[in-house]
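Notes to accompany the following structure.
The values are calculated or read from the model by the stated rules, or taken from the named source; none is laboratory data. Keep in mind that this is a model prediction, so the values were computed, not measured. As a convention, Cβ positions derive from the backbone with ideal geometry for all residues, glycine included, and neighbour counts pool all protein chains shown.
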Amino acid sequence: MNVWLSHHLHALALAFKRLGRAPLGSLLSIAVIGIAFSLPAGIYVLLENLQALSGQFSGAPQLSLFLRLDADKDDVAKIESFLEQHPPVASFRFVSKDSALDQFKQDSGLSDVMSGLERNPLPDAFVISTRALTPERLEALRTELGQLPQVEHAQVDSAWAKRLDALLKLGHLAVLMLGALLSFSLIAVAFNTIRLQILTMRDEIEVAKLIGATTGFVRRPFLYFGALQGSVGGAAAWLIISAGIYLTDGQLKDLLQLYEVNFRLYHLSLEDSLSLLLFSAGLGWAGAWLSVANHLSQVEPR
Amino acid sequence: MISFSQVYKRYPNGYEALRNISFSLEAGEMALITGHSGAGKTTLLRLIAAIERPTSGSIIVNGQNVSTLKSGAIPFLRRNLGLVFQDQKILFDRNVFQNVLLPLQISGFGSKAATRRVRAALDKVGLLNREKAWPITLSGGEQQRLCIARAIVNRPSILIADEPTSNLDADYARDIMDMFVSFNQVGVAILIATHDVELLGSMQQRILTLNHGELAA
């Protein structure tokens with residue numbers, strides 16, 4: 001256990017030393033990783049923010065419930081009491097056919113034409129505000145309400161919310177694909193850095209093997225180096241995103257205030273930030289492992 | 001300690017470096033391997049450390065059959081051997097102390113115990129006051145002593161040296177040989193390859209002579 005620990009500490013210290021030994025090269029590699037990762041992570045942050053923003057706009061999705069023309073006061077009272085006891089309904093407003101007609105006459109300027117009608121063509125209606133629901137649950141509620149007796153038609157006023165949701169899902173897919181592609185670039189960066197290191201450290205590796213170093217002993221510092229470089233690159237990506245948010249947040253706030261929306265950009269959550277670091281560290285480790293598996297066997301003592 | 005039995009080493013190009021080598025070195029024994037250039041001295045030493053594998057025959061080192069040793073076990077075989085290489089293989093990007101420390105880092109010594117051992121080894125070869133020096137600033141004889149310190153720091157039971165006195169003038173060579181004799185006196189088995197005939201004349205040791213890959217009787 002003690003030997004094991006001392007081997008790992010030794011490898012970690014060596015990895016730090018190697019990272020510091022070529023500061024410019026390390027810095028460039030880290031910048032490449034950081035920029036490559038800030039793209040998908042940045043788009044991810046953007047999508048999360050859009051989702052939060054769309055939640056604010058459509059905070060309480062609306063449903064319109066149109067009754068049959070022959071519905072009477074009893075039917076209205078029944079539906080009213082049903083809505084009062086239905087948890088997803090936040091509030092509702094009854095619009096009688098008479099008041100609807102009055103408003104229509106005022107709004108449309110067609111009062112003369114409307115006056116000529118024998119009877120009121122408009123139905124009684126409920127305008128319902130629901131609690132914040134996912135589009136799927138909203139759809140279920142619509143179906144449920146549409147099946148109430150004396151209800152002619154139930155309509156969700158959230159087609160745009162559905163479209164935005166579909167768009168965000170597409171965006172998430174794009175982030176995943178972009179992330180997968182750019183992950184390869186991280187592996188490639190780690191692979192190449194380690195390859196160069198192995199070439200320049202040929203003598204050291206050879207001597208170590210000659211005096212009894214196991215493959216694990218020689219390999220370990222390279223793996224630590226890959227993981228270290230990867231996680232520092234991930235941290236660089238995080239900083240790039242932070243800078244982006246810092247720069248745009250103020251302007252965005254001013255812009256949205258014109259639309260009377262109070263909104264601040266969110267950063268990556270702690271969980272997402274940690275995943276970013278762990279993921280980039282893991283990729284660096286994988287790239288280093290590939291490189292070591294490929295190149296270390298070429299350095300055999302002669 | 002070391003035992004060769006009917007060992008052959010043939011290279012892929014057909015060159016036969018060693019033919020039918022059989023000998024053994026007992027624990028605490030010291031022997032010199034001599035012979036002309038290309039006689040197979042280096043190849044013989046490399047077979048002991050499993051840097052190369054024999055074409056046929058068996059080599060037993062410390063009770064392990066080196067010719068059939070799995071590659072995963074080779075590092076542990078080498079940790080029990082002290083190796084002094086013909087081309088020295090000093091690492092010029094670390095100082096004297098760090099060069100000698102390397103074998104201990106590999107076997108996973110704690111830093112305090114390791115420091116004590118490194119100082120002890122440097123003391124034995126007379127380099128204690130140069131521990132912070134860079135290898136490039138050492139003289140030829142000092143560089144050779146650095147190699148020896150690195151070979152003995154693990155306290156191996158067998159010390160193997162390939163041409164440890166080449167490129168040294170007679171006085172330095174004498175010093176180095178005396179050092180090996182003193183290690184032998186504390187019980188370390190020692191095998192040295194050398195073509196330094198002058199030196200041999202003054203030594204009382206067992207001598208194995210190689211001639212075109214065969215041991216002379």
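Numbers at a glance
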read-out	value
The stretch A:1-47, residues that are hydroxyl-bearing (Ser, Thr, Tyr) and away from chain B (no Cβ under 14 Å)	A:SER26, A:SER29, A:SER38, A:TYR44
Qualifying positions in the stretch B:8-24 - buried (at least 21 other Cβ atoms within 10 Å of the Cβ) and either under 15 Å from B:ALA216 (Cα atoms) or under 19 Å from the mean Cα position of the chain (by Cα) (or both)	B:ALA17, B:LEU18, B:ILE21
Residue match in the stretch A:236-247 (condition: assigned to a helix (DSSP H, G or I), within 14 Å of chain B (Cβ to nearest Cβ), crowded, with 22+ Cβ neighbours inside 10 Å and out of contact with any strand residue (DSSP E or B) (no Cβ under 9 Å at 6 or more places or on another chain))	no
Elements of type helices (runs of 4 or more DSSP H) contained in the stretch A:129-225, each with 3 or more residues being of a type in the set (Val, Ile, Thr) and surrounded by 14 or more Cβ atoms within 10 Å (Cβ to Cβ)	A:159-200
Positions within the stretch A:174-208 being among the hydrophobic types (A, V, I, L, M, F, W, C), out of contact with any Leu (no Cβ under 8 Å at 6 or more places or on another chain), closer than 19 Å to A:ALA293 by Cβ and without any contact (Cβ under 8 Å) to a residue 12 or more places away in the chain, in sequence order	A:PHE184, A:LEU196, A:MET201
Qualifying residue in the stretch B:48-70 (condition: among the hydroxyl-bearing types (Ser, Thr, Tyr), touching a Leu at 6+ places or on another chain (Cβ under 9 Å) and under 17 Å from B:ILE207 (Cα atoms))	no
Filtered residue count, the stretch A:265-282, keeping only those that are under 14 Å from A:LEU46 (Cβ atoms) and not in a helix (DSSP H, G or I)	4
Hits in the stretch B:108-136 (condition: in contact (Cβ under 8 Å) with a residue 40 or more places away in the chain and either assigned to a loop (DSSP other than H, G, I, E, B) or in contact with a Leu (Cβ under 6 Å, 6 or more places away or on another chain) (or both))	B:TRP134
Candidate set from the stretch B:64-85 (those that are at pLDDT below 90 and away from chain A (no Cβ under 14 Å)); member that is farthest from B:ILE160 (Cα to Cα)	B:THR68
Tally of residues being touching a Pro at 6+ places or on another chain (Cβ under 8 Å) and within 14 Å of chain A (Cβ to nearest Cβ) across the stretch B:11-54	2
Scope the stretch A:70-117; condition assigned to a helix (DSSP H, G or I), among the β-branched types (Val, Ile, Thr) and modelled with pLDDT of 80 or more; matching residues	A:VAL76, A:ILE79
Tabulated pairs, the stretch B:170-196, first under 17 Å from B:PHE85 (Cβ atoms), second among the basic types (Lys, Arg) and surrounded by 11 or more Cβ atoms within 10 Å (Cβ to Cβ), C-beta under 6 angstrom, 6+ apart or interchain	B:ALA193/B:LYS41
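Table: residues versus (1) more than 19 Å from the chain's Cα centre (by Cα); (2) over 19 Å from A:GLU300 (Cβ atoms).
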{"residue": "B:THR43", "(1), (2)": "no, no"}
{"residue": "B:ALA49", "(1), (2)": "no, no"}
{"residue": "B:PRO54", "(1), (2)": "no, no"}
{"residue": "B:ILE60", "(1), (2)": "no, yes"}
{"residue": "B:LEU69", "(1), (2)": "yes, no"}
{"residue": "B:GLY72", "(1), (2)": "yes, no"}
{"residue": "B:GLN88", "(1), (2)": "no, no"}
{"residue": "B:PHE97", "(1), (2)": "yes, yes"}
{"residue": "B:GLY110", "(1), (2)": "yes, yes"}
